[in-house]
Amino acid sequence: MHEKHGDKVKSIAIVVPVFNEQDNLHEFHRRIVEVMAKENYAYKLVFVDDGSSDNSRVMLRNLVDEDQHVEAYFLSRNYGHQLALTCGLDNAQGDAVITMDGDLQHPPELIPELLRLWEQGNEIVQTKRMATEDAGFVKNLTSSWYYKLLNTLSKVEITPGGSDFRLMDRCAVDALKQYREKARFIRGMVKTLGFKDATLEFVAPPRFAGTSKYSLKKMLHFAFDGITSFSNLPLRWAFYAGVFFGFASLLLLFHILYVTYITGDAVSGWPTIMCCMLFLGGIQLIGIGILGEYIGRIFTEVKNRPLYIVGRHLENKKN
């Protein structure tokens with residue numbers, strides 16, 4: 001039996017970005033199948049391979065051949081987690097779409113709870129990671145600071161501990177598909193949609209196998225995307241800093257005039273002048289750097305290149 005909407009069977013699409021997850025794929029697939037076998041929904045498991053260099057693609061081909069519920073999109077190169085998710089959302093069919101990672105830190109066993117909250121009328125069901133069992137103190141602390149900073153800067157409230165493990169009703173997915181910016185921070189974009197939502201808390205287990213694909217460089221880039229995508233306050237801060245130090249320079253000018261014409265001891269002020277010049281030069285460079293970051297994003301957007309290119313789409317056509 002399947003859950004019906006009128007005379008139509010309700011369907012669920014589960015979107016999973018994959019990057020070098022050969023050690024996790026079979027276990028992830030097994031647990032998804034086990035969970036969905038108990039649910040009265042038709043479902044499709046949509047894998048998006050983000051340019052894996054291990055045997056992930058071979059394994060995905062095998063899964064497509066073996067299971068009619070599985071389809072796979074192979075991106076032409078590595079585009080990044082957020083664009084792989086975007087590809088899955090663009091192509092997933094179903095009355096609701098669940099997005100989750102394939103490393104099993106987003107437990108498949110939570111899917112029934114997501115579905116129950118959706119059945120209660122929530123159009124977006126967001127998960128909130130309360131803790132990660134194998135995360136260190138520094139990672140937890142920096143994550144907490146980042147969300148505090150982001151929420152201070154942004155007009156959109158981003159849930160601390162939020163992740164890309166969520167369920168979205170078809171109406172919410174179609175709305176999100178209208179957002180086509182290149183620098184994507186999907187958990188922030190989802191918060192701007194305005195649909196009825198609910199939050200499900202969970203503790204993330206350790207990765208089943210392998211190591212995290214998010215290097216420090218990727219994490220910093222992702223964090224900066226979140227800030228610049230939802231706030232122009234850094235630009236304002238650069239302006240305010242310029243105004244403040246402009247007034248400070250005027251006060252320094254009075255000091256220079258006093259030393260030069262009253263005390264006649266101009267040589268002794270040389271270190272002060274040099275320090276101030278270097279300090280103000282640094283502030284200017286910071287402002288120019290922030291401005292350059294925003295201009296660079298404008299440059300990327302106006303080129304209007306595709307967000308991603310699908311190299312191959314695999315789907316089991318057997319009845």
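The values are calculated or read from the model by the stated rules, or taken from the named source; none is laboratory data. What you are looking at is a predicted structure, and each value in this text was computed from that prediction instead of being measured. Ligands, DNA and RNA are stripped out before the accessible areas are found, and what is left, the full protein with its side chains, is counted by its heavy atoms. Shrake-Rupley method; radii C 1.70, N 1.55, O 1.52, S 1.80 Å.
Quick notes on this one:
- For residue 195, distant residues with modelled amide H under 5 Å away: none
- Within the full protein context, the accessible area of residue 103 is estimated at about 20 Å² for a probe radius of 1.4 Å.
- Sequence-ordered 3J(HN,Hα) estimates for the range 34-43 from the Karplus curve with 6.51, -1.76 and 1.60 and θ = phi - 60° stand at 5, 5, 6, 5, 8, 9, 8, 9, 6, 8 Hz, glycine and proline given as x.
- Listed residue pairs exceeding 23 Å between alpha carbons, taken from 10/196; 196/303; 44/317; 10/177; 177/303: 196/303
- Taking max minus min of the alpha-carbon positions on each principal axis, the range 1-108 gives extents of 44, 26, 25 Å, largest first.
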